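The values are calculated or read from the model by the stated rules, or taken from the named source; none is laboratory data. Please read these numbers as outputs of a predicted model, since none were measured by experiment. FYI the Cβ positions are ideal-geometry reconstructions off the backbone, even for glycines, and counts take in every protein chain you see. Accessible surface is based on the protein model in full, side chains and every heavy atom, while ligands, DNA and RNA are left aside. Shrake-Rupley method; radii C 1.70, N 1.55, O 1.52, S 1.80 Å.
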Amino acid sequence: MRFANYYNDNFTLAKKGWVKSVTLVILSRKGFDGKAGGKPSPVYEGRFRSFPIPFANSGVFYRDMKFNKTHSYLDVMMDLGITQYSECHLDPDLHKEVLIRDSDWEPIFGQSGGQETSLQKERVGEGDIFLFFGWFKHVSFSDGRFQYEQRFSGDDGFHAIYGYLEVGETVDLRQGDRIPSYAKQHPHVLESSRRTGSNRLYIAKRAGTFRFNQELVLTRDEKTRSCWRLPPFFESIGIDKFRQKTTRTDGEGLCVNFTGRGSQELLIEKHPDLVDWSERFIKLYGIPSKI
């Protein structure tokens, strides 16, 4: 294991208080779900395209967000039967091309309230990696319209990892940290007066989205989207580390069954295999936010 020496050496130094221990990986749920948006985000032309959740008076309109050269996010949403929303909470902000950007734009993720408190209890910061997952379904374009594909009876889509962000620096908005010019249009800055408690920006050292690959799909084949099968190394992490109810269902690997919405950050953990898993996805399937 190529991370083994790094893990052991840094763990020893961390116990002496010299450095933070190994990289944390945070599995974070984002985008449309059963309550926020109500329908899955699209996988289209081999890419995950997460729909940011609706948010009134944000000033960011789906109609202004570019889905491809000829269609906006709103065009796609209306074809898919999502007609009741106009503005959104664009966070995490990983796609440079979806809006007209200033030249100094950087990918950023914001978190606040109890969710942010959970991150700070684990001292999430520079070098840690967010893996964002959400609800997706394959979409095709036919006869001038976007439509969901029904790949098997009862197909309701699946959970998949669609994006990543390695933290470069953080900005504590509650404590009045200096806000970089490129971050001033981020929703957690613009909406800071509405928020109570913790409120922080995680500015990327590197970030991006993923090309579709079956390796990134968490949901078990032809199961409800909340029933996952995970790699065997999760056994050593322990399913008790997940922040929602989990169960083992068979002997064919670790199956995690989530109930309810619960915490957005389902897992915050340091483990060399988890880091390796994340880096593999980034290397093989990553589409950098800034090219």
Between residue 215 and residue 241, what FRET efficiency comes out of the Förster formula 1/(1 + (r/R0)^6) with R0 = 22 Å and r the beta carbon distance, rounded to 0.05? 0.55
Sorted by accessible area (1.4 Å probe), largest first, how do 170, 196, 23 line up? 196, 170, 23
Quick one: which residues, 5+ away or cross-chain, put their amide H under 5 Å from the amide H of residue 287? H built at 1.01 Å from N. 209, 210, 211
What is the distance in Å between the Cα centroid of the range 44-118 and that of the range 178-196? 16 Å
As a quick test, which of the pairs 96/223; 184/205; 39/96 have an alpha carbon distance above 26 angstrom in this structure? 96/223
Along each principal axis of its Cα atoms, how long is the range 180-222 end to end? Whole angstroms, biggest number first, please. 44, 23, 14
Angstrom value of the Kirkwood radius, inverse mean 1/r, which spans all Cα pairs in the range 136-214: 16.2 Å
Report the longest stretch of the chain that contains none of the chymotrypsin sites (Phe, Trp or Tyr not before Pro) sitting in a DSSP loop with at most 15 other Cβ atoms within 10 Å. 19-151
Which percent, to the nearest 5, of DSSP beta bridges fully inside the chain are antiparallel? 85 percent
Of 284, 85, 147, which is farthest on the positive side of the dipole of the chain, counting Cα position, with +1 on Lys and Arg Cβ, -1 on Asp and Glu Cβ, and the Cα centre as origin? 85
By how many nm would the segment from residue 152 to residue 84 grow when fully extended, if each residue of separation counts as 0.36 nm and the alpha-carbon distance is taken off? 21.7 nm
Which percentage, to the nearest 5, of the DSSP beta bridges contained in the range 30-161 is antiparallel? 80 percent
Could you give the C-alpha radius of gyration of the range 51-107 expressed as a fraction of 2.2 N^0.38 Å, taking N as the number of residues it contains? 1.11
State the antiparallel share, in %, of DSSP beta bridges confined to the range 137-207, rounding to the nearest 5. 100 percent
Within a Cβ distance under 15 Å of residue 176, other residues only, what is the Lys/Arg minus Asp/Glu net charge? +3
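Leaving out ligands, DNA and RNA, and with a 1.4 Å probe, what % of the accessible surface on the range 46-131 is carbon or sulfur?
Answer for the range 46-131 is 47 percent, counting heavy atoms of protein chains only.
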Sequence of 149, 191 when ordered by accessible area, the most exposed leading, probe 1.4 angstrom: 149, 191
Between residue 101 and residue 61, how many nm apart are label points set 7 Å from Cα along the C-beta direction? 2.2 nm
For Kirkwood radius over Cα pairs in Å, the listed values are (1) 19.4; (2) 19.9; (3) 22.6; which was obtained by calculation from the structure presented? (2)
